[in-house]
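Inspection log for the structure reproduced underneath, given as structure tokens.
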């Protein structure tokens, strides 16, 4: 898969409502790493996150806790996948280059070339980065598997 040179940052965030506006917070590490700068204008893409009752309940509990407790530093969280790991996933979206996109724990993005939206596949994680992983198809699964 080809990543454009213009891509500056890739991270997961929640949309929050504040003072009549909707806000997406950019983690400090994105500015500290020097890829983006304060007071500059950038284009962003918003991709939907998978939702299910369990995930939504967990997110709601987390949001409630963070109002009364200091938030945990997300930069210290490791990616939820490791190189060589095998996962069964469903391709949720297609990226600009036509590669499949799926999400795992905490909305972490995994990019899978040569897949179609809605396809279920077994993948092997081949490259893990802080905000995104890349995987190769090891098996194409039946929808009923």
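Count of the stretch 98-124 residues, restricted to those that are without any contact (Cβ under 8 Å) to a residue 40 or more places away in the chain, touching a strand residue (DSSP E or B) at 6+ places or on another chain (Cβ under 8 Å) and either over 21 Å from residue 45 (Cβ atoms) or in a helix (DSSP H, G or I) (or both), is 6. Among the residues in the stretch 76-86, are any loosely packed, with under 10 Cβ neighbours inside 10 Å and modelled with pLDDT under 75? Looking for residues that are loosely packed, with under 10 Cβ neighbours inside 10 Å and modelled with pLDDT under 75, one finds at least one in the stretch 76-86, hence yes.
In the stretch 36-60, which residue that is at pLDDT below 70 and part of a loop (DSSP other than H, G, I, E, B) is farthest from residue 132 (Cα to Cα)? Walk me through how you get there before you give the answer.
Residues of the stretch 36-60 at pLDDT below 70: 47-60.
From what's left, part of a loop (DSSP other than H, G, I, E, B): 47-52.
Values: 47: 14, 48: 15, 49: 14, 50: 16, 51: 19, 52: 22 Å.
Among those residues, the one meeting the criterion is 52.
Would you please name the residue that is surrounded by the fewest Cβ atoms within 10 Å (Cβ to Cβ), looking only at residues in the stretch 125-145 that are in contact (Cβ under 8 Å) with a residue 40 or more places away in the chain and part of a loop (DSSP other than H, G, I, E, B)? Before the answer, list the steps.
Quick first cut of the stretch 125-145, residues in contact (Cβ under 8 Å) with a residue 40 or more places away in the chain only: 125-135, 138, 141, 145.
Those left that are additionally part of a loop (DSSP other than H, G, I, E, B): 129-131, 141, 145.
Numbers: 129: 11, 130: 15, 131: 14, 141: 14, 145: 9.
Step by step, filter the stretch 125-145, then rank; the result is 145.
The values are calculated or read from the model by the stated rules, or taken from the named source; none is laboratory data. Model, not experiment: these values are computed from the prediction. All Cβ positions, glycine included, derive from the backbone under ideal geometry; neighbour counts span all protein chains shown.
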